[in-house]
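Q: Before I ask anything, here is the structure I am working with.
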Amino acid sequence: MQENELRKNIADNIRQYRAKQRISQEKLSEMTDISQQHISNIENELVNPSIEVLLKISTALNVTLNDLVY
């Protein structure tokens with residue numbers, strides 16, 4: 001899987017799981033102690049999130065890392 005494809009999958013999946021649960025970026029930020037700007041940057045494919053960040057997000061959204069990546 002190419003880096004761009006991986007970044008797009010992660011961005012799309014985070015956005016999708018947030019929407020399903022009706023969680024705003026601001027609320028996810030509060031739940032994870034990750035800045036809202038960083039979450040926005042991840043969803044807009046501007047940054048590659050660390051494993052630590054993905055773990056916090058997956059825990060907050062009650063999904064697996066696999067769910068976020070693939």
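The values are calculated or read from the model by the stated rules, or taken from the named source; none is laboratory data. Because the structure is a prediction, the values reported are computed rather than measured. Cβ placement follows ideal geometry from the backbone for every residue including glycine, while neighbour counts extend to all protein chains displayed. The area values use the complete protein model at the heavy-atom level, side chains included, leaving out ligands, DNA and RNA. Shrake-Rupley method; radii C 1.70, N 1.55, O 1.52, S 1.80 Å.
Every residue, every condition in (1) modelled with pLDDT of 95 or more; (2) of a type in the set (A, V, I, L, M), yes or no:
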| residue | (1), (2) |
| --- | --- |
| M1 | no, yes |
| N9 | yes, no |
| I23 | yes, yes |
| K27 | yes, no |
| H38 | yes, no |
| E45 | yes, no |
| S50 | yes, no |
| V53 | yes, yes |
| T64 | yes, no |
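Q: Would you be able to tell me the number of residues in segment 60-70 that are under 16 Å from A19 (Cα atoms) and β-branched (V, I, T)?
A: 1
Q: Then there's this: Starting from segment 6-23, keep only residues that are free of Cβ contacts under 8 Å to residues at least 40 places away in the same chain, then list their pairs with residues that are part of a helix (DSSP H, G or I) and open to solvent by less than 90 Å² (accessible area, probe 1.4 Å) whose Cβ atoms are within a distance under 7 Å, requiring at least 6 positions of separation or different chains.
A: Listed pairs, sorted by first residue: A11/I42; A11/E43; R15/E43.
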